[in-house]
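Please read the structure below before turning to the comments.
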Amino acid sequence: MADRDLGELLARMARTRVNRRSFLATSGLLGTSAYLAACSTGGGGTSAPTGVPASQAPGGEATPAPASEVESELFVYNWSDYISPNNIEAFKEEFGVTNFVYDIFSNNEELIAKLQGGASGYDLACPTAEYVPGMVEEGFLTKLDLSRIPNVKHINPTFKGLWWDPTDEYQVPKDYGTTGILWRKSLLPSVPASWKEFYELVKGEGSGKTVFVDSMGDVFVFPLKMLGYSLNSNEPNELEEARKILLEVAPHILALDSDTYGDKMATGEAALTLGWTGPLGQELADLVAEGDAGYSVPSEGTLFWMDTWVMLADAPHPNAAYAWLDFIHRPEIQAEETNYNLYATPNDAAKEFVDPEILNNPAIFPPEDVIANLEGAQDTSGNNQRIDIWEEFKSAIGG
Amino acid sequence: MAAITRVSGGMPVRPATPGRLRSRLLTTALLAPAALWYLVLLVLPLAIVVVFSFGVRARNGGYEPAFVLDNYARAIDKPDPFIASLQMAGLGTLGCLLVGLPLAYFLATRAGRRKGTLILLLVIPFWTSFLIRTYSWMIVLGPDNGLAGIIQGLTGDDRFGILGTPVAVLIGLVYGYLPLMVFPLYVTLERMDRSLVEASKDLGAGRWATFRQVTLPIALPGLVTGSILVFIPMMGEYVIPQILGYGRTYLMGNALVTDFLEARNWPSGSARAVGLIVIMFVTISLYLWFVNRGRKTREVSVL
Amino acid sequence: MSAPAVPKERVTQLPGRRESRPFDRWSGLVEGYFRTHTFLVYLFLYLPIAIVVLFAFNDTERRVTRWDGFSVKWFGVALGDSVVQKALTNSFIVAIPNAILATLFGTMAALGLQRVGRKVRLGFDALTYTSVIVPEIVIALSTLVLFATGFDVIEASFGVKINFGHPTIIAAHVLFNTSLVLLLVRARLSGMDRTLTDASSDLFATPWRTFRQITFPQLLPAIVAGFLLSFTFSFDDYVITTFVSGPGSSTLPLFIFGQVKRGVTPETNAVATMILAFTVGMLLLAQLVFAWQARRQGRRAEGASGMAGIITEQSR
């Protein structure tokens, strides 16, 4: 307490969210001067990477601990229903984790906002990959000791060394997929195979029957890819062209909805959706079997997303967390995940245990040539022009 | 009002100091918990918001210290969500009033011994989850087996829909905010002295005149409270329009979510929020002042 | 407002006096209108609820908007689902203390505000309205920042680590709900008959006695209303709870909203139905108990005099 020396305090501060630290220094709401002094030495914003190895923080030991030291609790913060209950039970049994807390967030933005606001207490979280670099910079994550996660060797190299985590030390891939076009064959003159065809249909037969998911990054894929640009483009003139297209289709859109579009497609209220593959295995399962519903990865290329496991910097149960990360990438366990979630696994060894129907579904496991055409998403949420266009688009929907 | 001069609290004036001191202590004790909560959980967070509003977005989102006015400039530049919210909240409040006032009146004056049950029945629906209630409205109003479907069958118009239109949003709003309008009205009307109404009628006043000169003034505090409790939160509402309105309107609530969650531009969101708060605050003050012009009693003067 | 010379209670005691003595030729219509309107409103309120209950018996895997047949399986799922049960428990753990605190603080403040000068009252009012005005996401995020920063400071200064969890959620909820109760009680106070309180203090009753026997019973409807609303808000809240909750303290709305991403299942409907059944059941039970009690005490079966009496005025 009073014995805490300045060095220890500084080391702790280095680990804490930089923006909060800076805020404290500026607003002066809390008057502990020693604290403020410690803050102001580090102040200056988040423009420079923290550089302090997070593994030195109490949260991430550098030395492996034997399995017998696995704590009896694990706190996971994840999307809903994203882990197979069978796997959870198996894990609990094997490692003696009696309290497996699985809390849910409903979108990435909430997770990130909460972390940036200072929330803590969880061991593992599942953000989408493009947010990882930011989280690393802000010091939210523990640098992983890969020697404690031997099963990462099964992961296909395509998913390693990617721009969001070049050394693969901050995240472990969970699953991946694409953003594309869902269609109802019987309600359209033709099945769209490209963004261009999609564009024509939205203005034509699909007018008033099209749903876009309420996700800025995904929606921008459509105009940018159609024009042949990168979906992460920050070029003002490219974005301006995208804007025109978006405003052109806006009046034809039925709904901006990330959650119930599967339902709308199933009832026929919608014939087209710019969205994801989730509904194929659920609301649309019957129609897919009949051949009346399907999913196209547009020929011009589209977004490739990857969900990742990360360990938070102040994880209270690091041993259990490591145990989980290694456990989840055992081939049979990974296959169970895919069979449950219907999302593709990046783990090669797992493929032999995956249900063949799922494995051979090109919407879930895109073939090689399609993968070549995919572009990973970046975090473009800081681009004001994009935000302005997005707001304008949202205001224009439905005419 | 009363014959004897009173100090606050209604105690007769006594020269004894201990009495006054005790009275002050009592007042302080009464106000302390709420005051503490307001200070720590309202004033401080809002101070944070104000500080944020002058900052800039940190590289990865969030807040970075600075002192710029850009955020306010941008907020002023984009008034559309605010106007859309005003329209929606205005109509929604009106809807709640039209639906809620007769109900409150009935409960307060005609329901007799069933009052308690009916009041409870008013809130019980809200102990189910908001989301599934709203989804149920999607079924009720839907094109499949719901109202829209029925009307489609009747009129033969294949494209008729209620969901996705402002009507659906309005229904959802009134549904969600009704208790907030009814409860204040109820607690004021229930206190109403029926003998006044009787006396008024006995003296020959018409029904409408009685309503205007006896009932309405008594109901006024409840009316004001109710309309504020409904209108203000509606200004920030965005989930109901998103689900029942199919996300076709862009409101202040959406704008704040865009800023705080999608763009993670806390300074921008904070500036918009501060702007909204200030405007709403001024509006309420004007509203209250207007309503209480010429009123003598200090009770009604604030509510 | 001018108070009547005679307290209301005496007037309504007059035997044989009926409230709805036809006053003019519109009387029947007007009364009829009120009845119909009320009936329609309750129909409006419970129609979606009926659908919720109905679809709890939906024999489907995921889709909650199409009827696929009758089944009670989802009730089984709900009863066996420890996650849902934990969420439900958390909801109660948060909502009840919150309602109690908010009602207490709000009522006390309302009473206290009767006794202060204009300036203080206006200041308080400003705060009350501000708490209603602030959009949820703004207060949620800023409260999170405040807590996180505050907890860090406390940990650094005193070595005590405070975690996010039930207390943080309760604290955040109490803010808005205190204002709610405050506004309700004040609305009630503003129309209150002061002659009784004046008479009471004229007769040198202590403030506490005056409060207990005169003021409090008259305020009771507002206090109960405030309690109910506070509980309801907390039970149903999503945004604020999301931001200030911690591991293991997720409430039911968090669970349900989270489910939306993967499809809300009828399990949620089953949970909601069980909650409804429980509350309505308790309500009926309370009614029956009071009616039985009243009959036992030989009073004319005015029905649920106890229950209704709690919410109506009871100045005896």
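Throughout, read-outs are computed from the coordinates displayed, never taken from laboratory work. Here the structure is a predicted model, which means the values were calculated and not measured. Don't worry about glycine lacking a Cβ; one is built from the backbone with ideal geometry, like all the others, and counts go over all protein chains shown.
Among C:Ile100, B:Ile124, a tally of other beta-carbon atoms within 10 Å of each Cβ gives an order, fewest to most, of C:Ile100, B:Ile124.
Tell me what chain B gives for mean residue ellipticity at 222 nm when only DSSP H runs of n ≥ 4 count, each as -39,500 (n - 2.57), the sum divided by the residue total, rounded to 500 deg cm²/dmol.
Dividing the helical sum by the residues of chain B leaves -21000 deg cm²/dmol.
For the range C:222-282 versus the range A:168-239, the spacing of their alpha-carbon centroids is 35 Å. For chain B, the Kirkwood radius over C-alpha pairs fed into Stokes-Einstein at 4 °C and 1.567 mPa s yields D = 56 µm² per second.
If eta is 1.306 mPa s and T is 10 °C, what Stokes-Einstein diffusion coefficient results for the range C:56-138, Kirkwood Rh from Cα pairs, in µm²/s?
D, rounded to a whole number, is 91 µm²/s.
Neighbour counts of C-beta atoms inside 10 Å place B:Met280, C:Met282 in the sequence C:Met282, B:Met280, starting with the fewest. Per residue Cα convex hull volume for the range C:192-256, in cubic angstrom? Measuring per residue, one finds 117 Å³ for the Cα hull of the range C:192-256. Given a Förster distance of 45 angstrom, what is the FRET efficiency for B:Arg194 paired with C:Lys119, based on the Cβ-Cβ distance and rounded to 0.05? With R0 = 45 Å, the Cβ-Cβ based efficiency is 0.75. For chain B, a Gaussian network of Cα nodes joined below 10 Å ranks B:Asn60, B:Asn71, B:Asn254 by mean-square fluctuation, and the top entry is B:Asn60. Label separation (A:Ile88 vs C:Arg35): 5.3 nm, computed from points 7 Å beyond Cα along the C-beta direction.
Determine, from the Cβ-Cβ distance of C:Leu54 and B:Arg22 and an R0 of 41 Å, the FRET efficiency 1/(1 + (r/R0)^6), rounded to the nearest 0.05.
Working: r = 59 Å, r/R0 = 1.45.
Efficiency, from the Cβ-Cβ distance: 0.10.
Principal axis extents of the C-alpha atoms in the range B:159-256 (largest first, rounded to whole Å): 56, 32, 15. Is the range A:285-373 rounded, prolate or oblate when judged by the Cα gyration tensor, a ≥ b ≥ c being the square roots of its eigenvalues, rounded requiring a/c under 1.5 and prolate requiring a/b larger than b/c? Here the range A:285-373 falls in the prolate category.
As a proxy for reagent exposure, B:Trp266, A:Trp195, B:Trp289 were ordered by neighbouring Cβ count within 10 angstrom, fewest first; the result is B:Trp289, A:Trp195, B:Trp266.
With N as its number of residues, the range C:28-103 has a Cα radius of gyration that, divided by 2.2 N^0.38 Å, comes to 1.66. Bin width 10 Å, alpha-carbon pairs only: give the P(r) of the protein assembly as shown as whole percents, running from 0 to the bin holding the largest distance. With a bin width of 10 Å, the distribution comes to 2, 10, 19, 23, 20, 13, 8, 4, 1, 0. Membrane-span-like helices of chain B, defined as complete DSSP H segments with a Cα extent of 24 Å or more along the helix axis and a mean Kyte hydropathy of at least 1.0, are identified as B:80-109, B:166-189, B:216-236, B:266-291. Remark: spin-label model distance B:Leu121-C:Thr89 equals 3.4 nm, labels positioned 7 Å along the Cα→Cβ axis. Below 16 Å, Cα to Cα, which lysines can A:Lys185 reach? Residues fewer than 8 away in the same chain don't count. Counting by Cα, and skipping residues close in sequence, A:Lys185 has these lysines nearby: A:Lys209, A:Lys264.
Ranked from largest, the principal axis spans of the Cα set of the range A:170-277 equal 41, 36, 22 Å. Other protein chain C-beta atoms within 10 Å of residue C-beta, averaged over B:43-55: 6.
Remark: spin-label model distance A:Asp348-A:Glu169 equals 2.5 nm, labels positioned 7 Å along the Cα→Cβ axis. Per-residue mean of foreign Cβ neighbours for A:75-81 is 4 (Cβ atoms of other chains, 10 Å radius). In a DSSP loop and with at most 13 other Cβ atoms within 10 Å, the trypsin sites (Lys or Arg not before Pro) in the range C:121-218 are C:Lys161. Note on the range C:124-177: Kirkwood radius taken over Cα pairs, Stokes-Einstein applied at 25 °C and 0.890 mPa s, translational D equal to 199 µm² s⁻¹.
Shielding by partners for peptide A:373-385, expressed as the average number of C-beta atoms from other protein chains within 10 Å of each residue's C-beta, is 2. Enumerate the aspartates and glutamates that B:Lys201 could reach by cross-link, defined here as Cα to Cα under 20 Å, with residues fewer than 8 away along the same chain left out. Partners within reach: B:Glu190, B:Asp193, C:Glu9, C:Glu19, C:Asp24, C:Glu31.
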